[in-house]
Amino acid sequence: MPTLGVNIDHIATIRQARRGVEPDPVAAAAIAELAGADGITVHLREDRRHIQERDVRILRQTVRTHLNLEMAATPDMVKIALDIKPDYVTLVPEKREEITTEGGLDVVGMGDRLVEIVHQLQSAAIPVSLFIDADANQLKASAKSGAKFVELHTGNYANAIDEAQQHQELEILTKGGKVAIALGLRLNAGHGLTYWNTSAVAQIPGMEELNIGHSIISRAALVGLDRAVREMKALLG
């Protein structure tokens with residue numbers, strides 16, 4: 001079964017609403033790990049709207065599973081990653097005006113610039129994952145970039161308006177997963193996954209890890225983070 005990466009960005013969102021010190025995402029990461037999380041994911045955005053550099057630095061010292069740093073493919077963010085050295089980096093597209101990530105990285109369009117970034121990070125023993133749509137051209141370009149992983153963007157699947165569309169989007173993800181594995185890429189997925197739609201994605205052949213944040217943190221507000229993580233972890237089985 002896939003492992004569960006818990007994204008704790010929205011713990012920091014609550015903290016930043018008051019520009020205070022609580023709730024602390026570092027404490028949330030510890031609770032999530034004790035509840036069975038297999039990894040902790042954070043997105044250090046250029047506008048620092050939720051996770052702060054301080055958080056990532058402390059998490060690097062305290063996370064006992066693995067720390068996945070999501071970030072834009074920019075020189076400034078690469079510099080931070082090379083300094084902090086997370087267990088791996090996931091490169092994502094980023095627009096300051098977006099509420100949340102709106103789609104996959106355009107690996108084809110980025111060309112040699114992305115290849116250089118991947119090389120910089122992996123030369124420092126930081127494996128790279130590329131957050132992409134399940135598109136054959138993007139998958140082929142991802143393999144050519146030298147990245148070790150891809151994380152399939154599940155937003156279209158999560159936002160499907162009916163069962164027929166959801167099934168269609170699941171087929172796209174499944175076919176994308178087959179292409180990724182055939183190209184020698186390791187396979188993760190995430191974005192918009194909830195307690196109601198995760199199980200089917202977890203069953204895609206070759207799926208290694210699902211990164212889930214908003215749904216877990218939303219449920220945690222009602223039942224507690226420990227229970228929310230345990231319930232999602234159970235769904236992956």
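Rule-based calculations on the coordinates, nothing more; no lab input. Small disclaimer: the values here were computed from a predicted structure and weren't measured. Here the Cβ positions follow ideal geometry from the backbone for every residue, glycine too, while neighbour counts run over all protein chains shown.
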- Query: Which of rounded, prolate, oblate describes region 28-80, given a ≥ b ≥ c as roots of the alpha-carbon gyration tensor eigenvalues and a/c under 1.5 marking rounded, otherwise prolate only if a/b is larger than b/c?
  - Reply: prolate
- Note on the structure: The alpha-carbon center of region 71-93 and that of region 180-223 are separated, in whole Å, by 22 Å
- Message: As a footprinting exposure proxy, order F131, F149 by other Cβ within 10 Å, with the fewest listed first.
- Response: F149, F131
- Query: How much length is gained if the chain between L222 and K79 is pulled fully straight, taking 0.36 nm per residue apart and subtracting their Cα-Cα distance, in nm to one decimal?
  - Reply: 47.7 nm
- Put a dot 7 Å past each Cα toward the Cβ at M1 and I161; how far apart are the dots in nm? 3.4 nm
- How long is the gain from Q168 to V108 if the chain were fully straight, where each residue apart is worth 0.36 nm and the alpha carbon distance is subtracted? 19.2 nm
- Message: So if I place +1 on the C-beta of Lys and Arg and -1 on the C-beta of Asp and Glu, and nothing else carries charge, what would the dipole magnitude of region 3-230 be about its Cα centre? I want it in debye, nearest 20.
- Response: 540 debye
- Query: Among D83, D106, D38, which comes first, second and so on when ranked by fewest other beta-carbon atoms within 10 Å?
  - Reply: D83, D106, D38
- Task: For each of E163, E151, count neighbouring Cβ atoms within 10 Å of the residue's Cβ, then give the residues from fewest to most.
- Result: E163, E151
- Calculate for the chain the 222 nm mean residue ellipticity that helices alone would give, adding -39,500 (n - 2.57) per DSSP H run of length 4 or more and normalising by residue count, nearest 500 deg cm²/dmol. -15000 deg cm²/dmol
- Message: Distance between the C-alpha centers of region 152-171 and region 13-51? Whole Å please.
- Response: 28 Å
- Message: Given the options Y157, Q138, I126, identify the residue whose Cα lies farthest towards the positive end of the charge dipole of region 125-179 (+1 on Cβ of Lys, Arg; -1 on Cβ of Asp, Glu).
- Response: I126
- Distance in nm between E208 and K175 label points, each 7 Å along Cα→Cβ, equals 2.5 nm
- Note on the structure: Length-normalised contact order of the chain, Cα under 8 Å, at least 6 apart, in percent, tallies to 21 percent
- Task: Take the alpha carbon gyration tensor of the chain, find the square roots of its eigenvalues, order them as a ≥ b ≥ c, and report rounded if a/c is under 1.5; if not, report prolate when a/b exceeds b/c, else oblate.
- Result: oblate
- Item | Additional length obtainable on full extension of the chain from I14 to D87, 0.36 nm per residue less Cα span | 23.7 nm
- Counting lysine pairs in the chain that sit 8 or more positions apart or on different chains, with Cα atoms under 29 Å apart, gives 23
- Message: Given contacts defined as C-alpha pairs under 8 Å and at least six residues apart, what's the relative contact order of region 98-161, whole-number percent?
- Response: 38 percent
